[in-house]
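See structure below.
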Amino acid sequence: MSKKLFFMIFISMIFSLVVAPLTALEIDEEEIRSVAADAVEFINYTGPHTVIDSLQQIKSIGSGLGSIVAQNPAASTTAGNSARYYVIHAIDPSITSGLDADILFIGQNATVDHIRNLRHIIVAYLSSAYGYSDADAQTLAVFVTVYNAVYRGNLDMFKSKYKPVVTNNLTAEHAGLAVNYKDWPGKSQIVIPLADPQGGLGTVDTTVISDSQVVESLREEDDKGVDVRKELVDIKEREADEAAEKAAVAQKEATKETAKQREEEKKLDEVKKEAEEARKTADANPSDKAAQKEAEKKEQEVVEQQKKTEEQTQVAQEKRQEAAKQQAIADQKREEARTERAQIAKDQQQLIEEGIQSDAPGVYGLEIIDTEFSRMVKLNKSNGVVMQESPVTVIRGRTLLAADENYMAIAGTTGGNAAVKVVLLDTQYMEIISESTEIASEQSVLVQDGKDYYAVIQDTNGWVLGKYNSDLKLLLKSKINVHPATAVIMTEAGICITDPNGIARLLNKSDLSEISKNSPAPVIAK
């Protein structure tokens, strides 16, 4: 049974059962094993769209939200439109236990329908709000989305880790992120745990978003999530270095402040002795007003010096605590990185032994999903093992053609913002990287003739034959309409198609005009 089929069966079982909630302080071991046994597989809309947002438009959603939070990251604030994309920057400095967090809400009118684009929004948000590099933000976005999918609807878990300022904005039904994009609009409360809302490398709590359940979920991916896990380990190691530097600085400051504390304590001992002598003198001479006044003065100096000493003691203690805190963070991050690197090394070795390492030589083909749709797959060239499956599950016509370094297909569905188009898929992720401007027929064939590609596309007056280059640039359209399911046969005399009336006709390759008895005969090269 494939992992994807197993996952779908698992989801069906979960929704058919009444599952008891986790306790607020402990996570049930059996439930951990049952959840972590399956990879989080996001169900995206993977076909073409009638309206296409540019990557810049998508990222601007996140950067717009982040720029508002960046104005005062130490204080709670809100940003965005609750009907589309909305953030609550939930911060409560008055409570020391539990985590602060950002909560990203996907509103009812939001149109994001692919985890890739949702991650683009999160990447832009983290970069804009906290100054993360694009590469680090991309890694964090993957872990944030998987984390929220793993704990979807687990309000007790969120209550056990986060401050009330966070959990008061969550609901049991919508906390976290659903795996199906259809359940995102109006039903998503994506929690981003904050270790330090001030910004910088350690802002997002990498320990929380990479707990055992999240890592186990990633390890269930075909590639065991090796690359993104290595990237997070790199972040943790840099977090450890930064924390160690802060610890060293804080320790130096603590040493200085402790020395000042001792000086203040020494002064306190001196003024106490002076006050005692002055009081003895005053008590021995009760009628001596000057002695009484001097005693009161010295006693007041003791009070003032006591206050200075206590304040300096507090400063020194805070510096020592900060040094200890930063060193603890450094030690924790290094240990997490060491443990995870060891596990990654084992996983990489297993992938090599199974012959499904991502850099193994591969060939590409189609895997039938049902009578209508297929998906692109990558197979190990030496042993035929399926190394990777495309997330695009709506390829039509059982045809996949090489187009320079990419592959061309007809893909998509109809309804809503969905569309059927000619598309290009890359060979790294096997995702759609480009799509035709024109709508394609659901029944269209896809035919290659040298460097030219032909498909049936929609024109103002019906269906026509379109000619594309390998970059999906439309070169020509037929002068006559064709049947939406026409065969496209290349002959030495021209292209044979069927018109809307079911009559076979011949088109000139040079301009896609019809070759008829009134047309000059094409010149055939010999």
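The values are calculated or read from the model by the stated rules, or taken from the named source; none is laboratory data. Small disclaimer: the values here were computed from a predicted structure and weren't measured. Positions of Cβ are generated from backbone atoms using ideal geometry, with glycine treated the same way; all protein chains shown enter the neighbour counts. Just so you know, the surface numbers come from the protein's heavy atoms only, side chains and all, with ligands and any DNA or RNA stripped out. Shrake-Rupley method; radii C 1.70, N 1.55, O 1.52, S 1.80 Å.
When residues of the stretch 125-152 are filtered for being farther than 18 Å from K230 by Cβ, among the aromatic types (F, W, Y) and not in a helix (DSSP H, G or I), how many remain?
Final tally of qualifying residues: 1.
Has the stretch 435-442 got at least one residue that is surrounded by fewer than 17 Cβ atoms within 10 Å (Cβ to Cβ), in contact with a strand residue (DSSP E or B) (Cβ under 6 Å, 6 or more places away or on another chain) and of a type in the set (V, I, T)?
First, the residues of the stretch 435-442 that are surrounded by fewer than 17 Cβ atoms within 10 Å (Cβ to Cβ): 437, 442.
From the residues that got through so far, the ones that are in contact with a strand residue (DSSP E or B) (Cβ under 6 Å, 6 or more places away or on another chain) too are 442.
Then keep just the ones that are of a type in the set (V, I, T); that gives none.
Checked against the condition, which is being surrounded by fewer than 17 Cβ atoms within 10 Å (Cβ to Cβ), in contact with a strand residue (DSSP E or B) (Cβ under 6 Å, 6 or more places away or on another chain) and of a type in the set (V, I, T), the stretch 435-442 yields no hits at all.
Among the residues that make up the stretch 232-244, is at least one of them under 30 Å from S390 (Cα atoms) and open to solvent by 10 Å² or more (accessible area, probe 1.4 Å)?
Start the filter on the stretch 232-244 by keeping residues that are under 30 Å from S390 (Cα atoms), which leaves 232-235.
Filter once more, keeping what is open to solvent by 10 Å² or more (accessible area, probe 1.4 Å): 234.
Yes, the stretch 232-244 contains at least one residue that is under 30 Å from S390 (Cα atoms) and open to solvent by 10 Å² or more (accessible area, probe 1.4 Å).
Looking for whichever is hydrophobic (A, V, I, L, M, F, W, C), under 25 Å from L401 (Cα atoms), at pLDDT below 95 and surrounded by fewer than 16 Cβ atoms within 10 Å (Cβ to Cβ) here; the options are A525, A485, A493. Which one fits?
Working: A525 fails: under 25 Å from L401 (Cα atoms); A485 fails: at pLDDT below 95.
Within the list A525, A485, A493, the selection yields A493.
In the stretch 254-266, what count of residues is obtained for those that are open to solvent by 70 Å² or more (accessible area, probe 1.4 Å) and within 17 Å of Q326 (Cβ to Cβ)?
So the answer is 2.
Would you mention how many residues in the stretch 426-456 are in contact with a Leu (Cβ under 8 Å, 6 or more places away or on another chain) and either among the hydrophobic types (A, V, I, L, M, F, W, C) or closer than 17 Å to P48 by Cα (or both)? So that I can check it myself, show each step before the final result.
Of the stretch 426-456, the ones in contact with a Leu (Cβ under 8 Å, 6 or more places away or on another chain) are 431-438, 446, 448, 452-456.
Those left that are additionally either among the hydrophobic types (A, V, I, L, M, F, W, C) or closer than 17 Å to P48 by Cα (or both): 431-438, 446, 455-456.
The number of residues fulfilling the criteria is 11.
When you scan the stretch 432-510 for strands (runs of 3 or more DSSP E) that lie fully inside it, which ones turn up with 3 or more residues that are closer than 19 Å to G47 by Cα?
Values: elements: 432-435, 446-449, 452-459, 462-468, 474-477, 495-498, 504-507.
The qualifying strands (runs of 3 or more DSSP E) are 432-435, 452-459.
Give the residue, chosen from V166, V144, that is among the β-branched types (V, I, T), touching a residue at least 12 places away in the same chain (Cβ under 8 Å) and under 18 Å from E221 (Cβ atoms). Give the steps one after another, and end with the answer.
Values: V166 fails: under 18 Å from E221 (Cβ atoms).
Just one listed residue meets the conditions, V144.
Could you tell me which of the residues E435, E492, E442 is in contact with a Pro (Cβ under 6 Å, 6 or more places away or on another chain) and of a type in the set (D, E)? Explain how you work it out, then say what you get.
On the way: E492 fails: in contact with a Pro (Cβ under 6 Å, 6 or more places away or on another chain); E442 fails: in contact with a Pro (Cβ under 6 Å, 6 or more places away or on another chain).
Among E435, E492, E442, only E435 is in contact with a Pro (Cβ under 6 Å, 6 or more places away or on another chain) and of a type in the set (D, E).
In this structure, does V112 turn out to be modelled with pLDDT under 95, open to solvent by 70 Å² or more (accessible area, probe 1.4 Å) and either in contact with a strand residue (DSSP E or B) (Cβ under 6 Å, 6 or more places away or on another chain) or among the β-branched types (V, I, T) (or both)?
Values: modelled with pLDDT under 95: yes; open to solvent by 70 Å² or more (accessible area, probe 1.4 Å): no; either in contact with a strand residue (DSSP E or B) (Cβ under 6 Å, 6 or more places away or on another chain) or among the β-branched types (V, I, T) (or both): yes.
In short, no.
Considering each of S97, S67, S127 in turn, give the residue that is modelled with pLDDT of 95 or more, polar (S, T, N, Q) and more than 17 Å from the chain's Cα centre (by Cα).
Details: S97 fails: modelled with pLDDT of 95 or more; S127 fails: more than 17 Å from the chain's Cα centre (by Cα).
Result of the check over S97, S67, S127: S67.
Quick check on my filter: what residues within the stretch 421-474 are within 38 Å of the chain's Cα centre (by Cα), closer than 19 Å to I497 by Cβ and aliphatic (A, V, I, L, M)?
V422, I439, A440, V445, L446, V447, A455, V456, I457, L474 - these are the residues of the stretch 421-474 that are within 38 Å of the chain's Cα centre (by Cα), closer than 19 Å to I497 by Cβ and aliphatic (A, V, I, L, M).
Please specify each residue of the stretch 131-161 satisfying the condition of being more than 12 Å from the chain's Cα centre (by Cα) and open to solvent by 10 Å² or more (accessible area, probe 1.4 Å). Walk me through it before giving the result.
Restricting attention to the stretch 131-161, the residues satisfying the condition of being more than 12 Å from the chain's Cα centre (by Cα) are 131-133, 150-161.
Correct list: G131, Y132, S133, V150, R152, G153, N154, L155, D156, K159, S160, K161.
I'd like the full set of residues that are more than 18 Å from T393 (Cβ to Cβ) and of a type in the set (V, I, T), limited to the stretch 420-456.
T437, I439, V445, V447, V456
With the checklist (1) part of a loop (DSSP other than H, G, I, E, B); (2) within 30 Å of E442 (Cα to Cα) in hand, flag the one item Q57 doesn't pass.
(1)
Can you report the number of residues in the stretch 394-406 which are touching a strand residue (DSSP E or B) at 6+ places or on another chain (Cβ under 7 Å) and open to solvent by 50 Å² or more (accessible area, probe 1.4 Å)? Reasoning before the result, please.
Filtering the stretch 394-406 down to residues touching a strand residue (DSSP E or B) at 6+ places or on another chain (Cβ under 7 Å) leaves 394-401, 403, 406.
With open to solvent by 50 Å² or more (accessible area, probe 1.4 Å) added as a condition, the list becomes 398.
Going through the stretch 394-406 one residue at a time, the tally reaches 1.
Looking at (1) touching a residue at least 12 places away in the same chain (Cβ under 8 Å); (2) over 12 Å from the mean Cα position of the chain (by Cα), can you tell me which one D196 breaks?
It fails just one condition, (1).
Applying the selection to the stretch 39-53, what residues are under 17 Å from the mean Cα position of the chain (by Cα) and open to solvent by 40 Å² or more (accessible area, probe 1.4 Å)?
E41, I43
Of everything in the stretch 209-224, what is in a helix (DSSP H, G or I) and open to solvent by 20 Å² or more (accessible area, probe 1.4 Å)? Give them in sequence order. Walk me through it before giving the result.
At the first step, the residues of the stretch 209-224 found to be in a helix (DSSP H, G or I) are 209, 212-219.
Hits for the stretch 209-224 are S212, E216, R219.
Residue under question is R229, and the condition is that it be crowded, with 20+ Cβ neighbours inside 10 Å and within 20 Å of Q348 (Cα to Cα); does it hold?
Yes, satisfied.
For the stretch 54-105, enumerate the residues that are in contact (Cβ under 8 Å) with a residue 60 or more places away in the chain, among the aliphatic types (A, V, I, L, M) and loosely packed, with under 15 Cβ neighbours inside 10 Å.
Hits for the stretch 54-105 are L55, A74, I95.
Are any residues in the stretch 267-309 hydroxyl-bearing (S, T, Y) and surrounded by 13 or more Cβ atoms within 10 Å (Cβ to Cβ), and if so, which ones? Explain how you work it out, then say what you get.
Step one: list which residues in the stretch 267-309 are hydroxyl-bearing (S, T, Y), which gives 281, 287, 309.
Matches in the stretch 267-309: T281, T309.
Can you name every residue in the stretch 417-428 that is open to solvent by 40 Å² or more (accessible area, probe 1.4 Å) and in contact (Cβ under 8 Å) with a residue 24 or more places away in the chain? Reasoning before the result, please.
Initially, the stretch 417-428 is screened for residues open to solvent by 40 Å² or more (accessible area, probe 1.4 Å), giving 417, 427-428.
Residues satisfying the conditions are N417, T427.
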